[in-house]
Amino acid sequence: MGWFATIIYYPTLTMALAWLSARYTLEFLVSVNPDLPLVIPAAAGGTVLGPECMVLTLFFLCFTFTLNSLSPKLAGKFQTSTTIIKLIPLALMAVVGVIYGLSTGMLQQNFTHTAVVDGGVSGNPLFAAVCSTAFAYEGWIIATSINAELKNAKRNLPKALIIGGFIIVAVYLCYYIGVAGGASNQQLIDQGATIAFTNIFGNVLGNILNLFIAISCLGTCNGLMLGCTRGLYALATRGQGMRPAIFSQVDKETNMPHNSAIIALMACGVWFLYFYLSNLAGAWSGAFVFDPTELPIITIYLMYLPMFIQWMRKETDQPVLKRFIMPGLAFCGSIFMVVACIVSHKWGCFWYLIVFAVVMLWGWLIDKRQKKA
């Protein structure tokens, strides 16, 4: 699990959020000055595919890496600031969007009418939506990578995850309703959620709020990099993974595992190169083309299954609720996510699993050599 998270899970999520941060930043710049020569194909729903976005993505990766390498406290303060900034557009849209949608009738129209997707919908749209939603809400598990740095982590970390999870669900539910009041379903499909901001708040304030969204994405990227830099270190402190003596080292001044962080940045760069060539630029098609932003997340759910089974087998001192009912429900939920992934991504799952198997074989060989040494 630790090897998978270090080589695949953390880096793919981190590079995806760096790309999203760059995309929203450039969309903000273009909305402020439409004459900027940036490549933004309208057919891609505002997705920035030009070289400017790629360069800015790499800059954001290096920026968050540097921030986390210099000081954990500095990265934490940046995380807190961006979280507060993130809540501003979400709260405004949740309140003003609902009022605007009710007054114009847009909210009622969106909940009673459907929109047309270009080319129609293939396969099962529910399963495809579930996989995309998994990416949108993933990341909470990364908080466990800092458990050793928290005071009374056994009590405080579960409390933070549970309370934070409920707050996030409530905030985003209200936000989505507000967005539905600011633009038609067809506009949201064709132009993205940012059109709702400009429709309600006008070009100036709407674009400022869009900038807040870009900053919030960068904050999420920073949080993911926080976990990413600690991947090899977490393994090394347990005598596992590559060169434990090297990657368990912690800088005395910054209190950060710099050797582990360097490998993390390199892994992010490798996965971003693959993401750009196979998914964005379309440099090749067919074999070994898969979505690295969603499939690693579903892999996590697959890897949870034996953990739930073992929990039910071994935790004999737990009450029925915690020993059987809760892990049983989690088991069913994880199975649903895996089925949704197979139905939605089809052959992409097969190509991804080959890469996954190679990475895990590499980790097994390293672990075997380490035990022998």
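General observations
- Test: residue 253 is of a type in the set (Asp, Glu) and at pLDDT below 85: yes
- Tally, over the range 239-249, of residues that are part of a loop (DSSP other than H, G, I, E, B) and free of Cβ contacts under 8 Å to residues at least 60 places away in the same chain: 3
- Single residue of 170, 180 found to be closer than 30 Å to residue 30 by Cα and either outside any helix (DSSP H, G or I) or of a type in the set (Gly, Ala, Ser) (or both): 180
- Residue check for residue 267: touching a residue at least 12 places away in the same chain (Cβ under 8 Å), closer than 30 Å to residue 74 by Cα and of a type in the set (A, V, I, L, M): yes
- Identity of the residue in the range 216-230, of a type in the set (S, T, N, Q) and surrounded by 24 or more Cβ atoms within 10 Å (Cβ to Cβ), that ends up nearest to residue 90 (Cα to Cα): 222
- Looking across the range 72-98 at every residue that is small (Gly, Ala, Ser) and under 20 Å from residue 176 (Cα atoms), the one that is surrounded by the fewest Cβ atoms within 10 Å (Cβ to Cβ) is identified as 91.
- On the stretch given as the range 293-329, residues that are out of contact with any Leu (no Cβ under 9 Å at 6 or more places or on another chain) and touching a residue at least 12 places away in the same chain (Cβ under 8 Å) total 16.
- Being within 16 Å of the chain's Cα centre (by Cα) and free of Cβ contacts under 8 Å to residues at least 60 places away in the same chain is a property that residue 226 lacks.
- Residue check for residue 233: in contact (Cβ under 8 Å) with a residue 12 or more places away in the chain, assigned to a helix (DSSP H, G or I), surrounded by fewer than 24 Cβ atoms within 10 Å (Cβ to Cβ) and among the aromatic types (Phe, Trp, Tyr): no
- Only a single item in (1) of a type outside the set (Val, Ile, Thr); (2) closer than 30 Å to residue 221 by Cα; (3) assigned to a helix (DSSP H, G or I) is not met by residue 370, and it is number (2).
- Contact map, the range 7-35: first residue crowded, with 23+ Cβ neighbours inside 10 Å, second residue among the charged types (D, E, K, R), Cβ cut-off under 8 Å, separation 6 or more or different chains; pairs are 13/138.
- Residues in the range 183-209 that are in a helix (DSSP H, G or I) and not hydrophobic (A, V, I, L, M, F, W, C): 185, 186, 187, 190, 191, 194, 198, 199, 202, 203, 206, 207.
- Residue in the range 179-188 that is closer than 26 Å to residue 60 by Cα and modelled with pLDDT under 85 present: no
- Test: residue 103 is surrounded by fewer than 16 Cβ atoms within 10 Å (Cβ to Cβ), within 14 Å of residue 219 (Cα to Cα) and not aromatic (Phe, Trp, Tyr): no
- Residue within the range 238-248 that is in contact with a helix residue (DSSP H, G or I) (Cβ under 6 Å, 6 or more places away or on another chain), surrounded by 18 or more Cβ atoms within 10 Å (Cβ to Cβ) and at positive phi present: yes
Per-residue answers, yes or no, for (1) among the aliphatic types (A, V, I, L, M); (2) buried (at least 17 other Cβ atoms within 10 Å of the Cβ):
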{"site": "275", "(1), (2)": "no, yes"}
{"site": "282", "(1), (2)": "no, no"}
{"site": "286", "(1), (2)": "no, no"}
{"site": "300", "(1), (2)": "yes, yes"}
{"site": "311", "(1), (2)": "no, yes"}
{"site": "329", "(1), (2)": "yes, no"}
{"site": "348", "(1), (2)": "no, yes"}
{"site": "362", "(1), (2)": "no, no"}
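The values are calculated or read from the model by the stated rules, or taken from the named source; none is laboratory data. For clarity, every value in this text was computed on a predicted model and none was experimentally measured. A quick note on method: Cβ atoms are made from the backbone with ideal geometry, for glycine too, and the neighbour counts reach across all protein chains shown.
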